[in-house]
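Here's the structure we're looking at; comments come further down.
The values are calculated or read from the model by the stated rules, or taken from the named source; none is laboratory data. Bear in mind the structure is a predicted one, so any value in this text is a computation, not a measurement. FYI the Cβ positions are ideal-geometry reconstructions off the backbone, even for glycines, and counts take in every protein chain you see. These accessible areas exclude ligands, DNA and RNA; they are computed on the full protein's heavy atoms, side chains included. Shrake-Rupley method; radii C 1.70, N 1.55, O 1.52, S 1.80 Å.
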Amino acid sequence: MKIGLEIHIQLPTRTKLFCSCSTAGDEVNSSVCPICLGFPGSRPMLNRRALEMGISIAKFLNCTISERVWFSRKTYFYPDLVKNFQITQYETPLGRDGHFTVGGRRIGIWEIHIEEDPGRIKRAGRAGEEIALVDYNRSGVPLVEIVTAPDLTSPEEARAFLSDLLIELRHLIGLSAQDETTVRADANISVGEERVEIKNINGLKNIERGLKFEVKRQSKLLAAGKKITRETRRYDEERGTTLPSREKEFEEDYGYIGEPDLGTFNIGQMARALEVPETPLARASRLEREHGLASSSARQIVLTSWELADLFETLAARFGAETATTWTLGPLSSHWKELQERHGDGAGEKVVPIIEEVHTGAITDAEARMRLDVLAGREAVIATAPTAQGDLEQLVVRLVDEHPEVVKDYRNNPRAANFLIGQVMKETQGRYASKEVSDMIRKELEKRV
Ligand SMILES: [Zn+2]
């Protein structure tokens, strides 16, 4: 199975791609001007920020960046397209031949370009008497289009690809949290020989669902010995199915011509000057490499928060990866939201001395956990352990029974009790005070000496 995606994501600029209208217009047709309404004589001007964001994405996705680019008019008629053409990039995308790795697999990126969005059509009225209303607030909103090679091998992988890509782009260009529902894609999928394109699916969930439906449909046809027709289909969101679409345009039908009002842009220099910052999943891979973390653990730390990952790196540098891992994946992850709410950017600084004390043995794990509870504004967990005494006693007796060698050692070396203290701490996850635990263990050991 082969799946390729053409992904459209709105670039989070304040103004539109070719005019200074706001991208945040609320009321219908409130954010428009002669340029985005395509009045004769109006001339587009390129939004530099949108161009930079596009180049950052192309660079981040390891594309070869074009030295010089220009824009093209893609001509077609539709009521949402006031000018009767959409300004896009045809011969000269921002970048080509990149790749992005998901789940250890490298997925090719054919090209990346920027373009303007058309308006929105809303249908109203009863069937048969429908009218179409057009809102041009979206006309001219900047989009980036990312075209992948048909390297994806399942609907699940396509979704994981998009999900990981969005995590990185959120950090890279500041996408909003709604991007999972607003991302749009055209997907081409071939289960057998012939390729079918599904146009205009909205949101990650629907993209995966539409592809799953298409896998089933094509597989059934093949199993029945039938042929799959090469065609364009549309996704029916309510039914979760795909239907043949009347749309039959091919690229050559669009009659691309160069956009004479914008000129050319030498982006090579710009691209070399732009620095791509480290992104969350790239950071997770680095933590995995540098500290021997499991891939899922590294992701957990980085995706909990960027600052938690900072704290992890501080702890690892000072006390070693093992201490950093235990504490960051355990209590620090589960307390992080409260710690940040109460202490903001200072949360890490407050935590480090506690981990230092437990690392040097000045306090026990349980004490450190209690102090973290207090720091996070929680009730110290020890107060909430029910029927504590009896449970603890049973556990201690069982462990001492299980380790006669410790009892033997203990005669000459009282420190042998630490082994059992550690076991109890691990099994009870620090629910008991360290002094209570060590007293009870010593008492039990004394009985048997
Ligand atoms: Zn405008």
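Taking region 39-69 as the range and being among the hydroxyl-bearing types (Ser, Thr, Tyr), away from the ligand (no atom under 11 Å from the Cβ) and without any contact (Cβ under 8 Å) to a residue 60 or more places away in the chain as the test, only Thr64 passes.
Surrounded by 12 or more Cβ atoms within 10 Å (Cβ to Cβ) and either outside the structural domain of Glu322 (by TED's automatic domain parsing) or at pLDDT 90 or above (or both): which single residue out of Thr264, Thr232 fits that description? Before you say what the answer is, go through the steps one by one.
Numbers: Thr264 fails: surrounded by 12 or more Cβ atoms within 10 Å (Cβ to Cβ).
Matching residue, one of Thr264, Thr232: Thr232.
Taking Arg170, is it open to solvent by 40 Å² or more (accessible area, probe 1.4 Å), modelled with pLDDT of 95 or more and either more than 16 Å from the ligand (Cβ to nearest atom) or under 21 Å from Ala50 (Cβ atoms) (or both)? Reasoning before the result, please.
On the way: open to solvent by 40 Å² or more (accessible area, probe 1.4 Å): yes; modelled with pLDDT of 95 or more: no; either more than 16 Å from the ligand (Cβ to nearest atom) or under 21 Å from Ala50 (Cβ atoms) (or both): yes.
Answer is no for this residue.
Close contacts from region 322-342, counting a first residue that is within 18 Å of Met370 (Cβ to Cβ) and without any contact (Cβ under 8 Å) to a residue 40 or more places away in the chain and a second that is open to solvent by less than 30 Å² (accessible area, probe 1.4 Å) and not in a helix (DSSP H, G or I), with Cβ to Cβ under 7 Å and a gap of 6+ residues or different chains, come to Trp336/Ser305; Leu339/Ala376; Arg342/Ala376.
Those helices (runs of 4 or more DSSP H) of region 296-362 in which 1 or more residues are at pLDDT 90 or above and more than 25 Å from Ala282 (Cα to Cα) occupy 333-343, 347-360.
Suppose we filter region 16-38 for residues that are near the ligand (Cβ under 8 Å from one of its atoms) and not hydrophobic (A, V, I, L, M, F, W, C); how many remain?
Total meeting the criteria: 4.
Each row is one residue, and each column tells you yes or no for (1) of a type outside the set (A, V, I, L, M); (2) open to solvent by 40 Å² or more (accessible area, probe 1.4 Å); (3) assigned to a loop (DSSP other than H, G, I, E, B); (4) more than 16 Å from the ligand (Cβ to nearest atom).
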| site | (1), (2), (3), (4) |
| --- | --- |
| Glu129 | yes, yes, yes, yes |
| Ala132 | no, yes, no, yes |
| Asn137 | yes, no, no, no |
| Gly140 | yes, no, yes, no |
| Leu143 | no, no, no, no |
| Ile146 | no, no, no, yes |
| Glu156 | yes, yes, no, yes |
| Arg159 | yes, yes, no, yes |
| Ser163 | yes, no, no, yes |
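Report yes if some residue within region 430-441 is touching an Asp or Glu at 6+ places or on another chain (Cβ under 9 Å), surrounded by fewer than 16 Cβ atoms within 10 Å (Cβ to Cβ) and modelled with pLDDT under 85; otherwise report no. Yes, region 430-441 contains a residue that is touching an Asp or Glu at 6+ places or on another chain (Cβ under 9 Å), surrounded by fewer than 16 Cβ atoms within 10 Å (Cβ to Cβ) and modelled with pLDDT under 85.
Specify which of the listed residues (Tyr254, Tyr235) is in contact (Cβ under 8 Å) with a residue 12 or more places away in the chain and within 34 Å of the chain's Cα centre (by Cα). Walk me through how you get there before you give the answer.
Values: Tyr254 fails: within 34 Å of the chain's Cα centre (by Cα).
Answer to the selection: Tyr235.
Checked across region 379-392, the condition of being open to solvent by 70 Å² or more (accessible area, probe 1.4 Å) and modelled with pLDDT of 85 or more holds for no residue. Looking at the structure I just gave you, is Ala185 closer than 21 Å to Pro142 by Cβ and modelled with pLDDT of 95 or more? Answer is yes for this residue. Filtering Leu46, Leu37 for residues that are assigned by TED's automatic domain parsing to the domain that holds Leu133 and in contact with a Leu (Cβ under 8 Å, 6 or more places away or on another chain) leaves a single hit, Leu46.
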